[in-house]
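Asker: So that we are looking at the same thing, I have put the structure below in structure tokens.
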Amino acid sequence: MLGQRTENGEIGALLQERLDTAVRLFGQHRYRCIIVSGGAVGCERSEAEIMREYLIQQGVPPNKIVSEAQSRNTVQNIAYCRTLLRQANLASCVIVSNSFHLRRMKYIADKLNVSAGVYADRSLQSILFKQWRLTFEEIRAFRLSLPWIEKLR
């Protein structure tokens with residue numbers, strides 16, 4: 001699961017949506033683990049650490065959570081998780097994020113040779129009130145991702 005910038009260590013609405021989706025999917029399927037990915041971008045603590053704490057509070061066993069706390073952007077999230085997948089001998093994964101982020105995540109995963117599906121809850125309320133502006137920002141983010149992909153291939 002990809003992180004999102006946190007201000008003062010607080011989980012925002014979009015990150016909470018990702019976390020709640022991951023908890024639900026983990027409970028419904030037989031996934032071996034949840035990888036939380038994200039460095040300390042918006043505060044002193046890493047996004048991975050903040051997400052890990054939330055998942056444990058929601059009942060996910062700590063030994064089923066793997067943390068990647070170095071990444072600073074989406075390309076690094078996926079590249080560093082690729083290393084963790086290989087170390088855990090996992091052939092594929094499902095990347096959880098928000099719907100506005102799916103196309104770029106899948107593109108990056110494909111370019112970095114990560115066998116991954118992508119998933120996001122797509123509630124009408126979330127799309128209308130939280131994500132519509134971010135959908136347009138993804139166009140710019142997509143373009144900015146290209147040099148990072150080339151560095152980490």
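Asker: Would you mind checking the radius of gyration and Dmax of the range 1-87 based on alpha-carbon positions, in Å?
Answerer: Here Rg and the maximum Cα pair distance are 12.0, 34 Å.
Asker: Mind checking the full-extension length gain between Arg103 and Lys64? Use 0.36 nm per residue of separation minus the Cα-Cα distance, one decimal, nm.
Answerer: Result: 11.3 nm gained on full extension.
Asker: Could you state the orientation-averaged shadow area of the convex hull built on the Cα atoms of the range 62-102, in nm² to one decimal?
Answerer: In nm², the orientation-averaged hull projection of the range 62-102 is 3.5.
Asker: If you bin the C-alpha pair distances of the chain every 5 Å from 0, what whole percents do you get?
Answerer: The calculated distribution, bin by bin, is 2, 10, 19, 24, 24, 15, 6, 1.
Asker: Can you list the aspartates and glutamates whose alpha carbon is less than 15 Å from that of Lys106, not counting same-chain residues fewer than 8 positions off?
Answerer: Correct list for Lys106: Glu138.
Asker: When Lys and Arg each count +1 and Asp and Glu each count -1, what net charge do the other residues less than 13 Å away from Gly42, Cβ to Cβ, add up to? Please list the in-between numbers first.
Answerer: Details: positive: Arg5, Arg45, Arg72; negative: Glu7, Glu10, Glu44, Glu47, Glu49.
In short, -2.
Asker: Which length gain, in nm to one decimal place, applies between Glu10 and Gln87 when the Cα-Cα distance is subtracted from 0.36 nm times their residue separation?
Answerer: Full-extension gain reported as 24.7 nm.
Asker: A further question follows. Going 7 Å from the Cα of Gln57 in the Cα-to-Cβ direction, what parts of the range 11-38 have a backbone nitrogen less than 20 Å from that spot?
Answerer: 11-27, 34-38
Asker: Add +1 for every Lys or Arg and -1 for every Asp or Glu among the other residues with Cβ under 11 Å from the Cβ of Leu152, and state the total.
Answerer: After counting each charged neighbour, the total is +3.
Asker: Per the helix-only calculation at 222 nm, which mean residue ellipticity applies to the chain, given -39500 (n - 2.57) for every DSSP H run of n ≥ 4 and division by its residues, nearest 500 deg cm²/dmol?
Answerer: Result for the chain, helices only: -15500 deg cm²/dmol.
Asker: Can you order the peptides 25-38, 69-82 by their average number of other Cβ atoms within 10 Å per residue, highest first?
Answerer: 69-82, 25-38
Asker: For Val60, Val23, give the ranking by accessible area with the largest first, probe 1.4 Å.
Answerer: So the residues, ranked largest to smallest area, are Val23, Val60.
Asker: Within the accessible area of the chain, what % is carbon and sulfur when the probe is 1.4 Å and the other protein chains stay in place?
Answerer: Percent of accessible area from carbon and sulfur atoms in the chain: 51.
Asker: In addition: Just going by the charge dipole of the chain, with Lys and Arg at +1 and Asp and Glu at -1 on Cβ, which of Gln87, Cys43, Ala120 is farthest out on the positive end?
Answerer: Gln87
The values are calculated or read from the model by the stated rules, or taken from the named source; none is laboratory data. In this text the structure is predicted, and so the values were computed from the model without any measurement. Note that we place each Cβ from the backbone using ideal geometry, even for glycine, and neighbour counts take in every protein chain shown. For the accessible areas, the whole protein counts, side chains as well, though only heavy atoms, and no ligand, DNA or RNA atoms are used. Shrake-Rupley method; radii C 1.70, N 1.55, O 1.52, S 1.80 Å.
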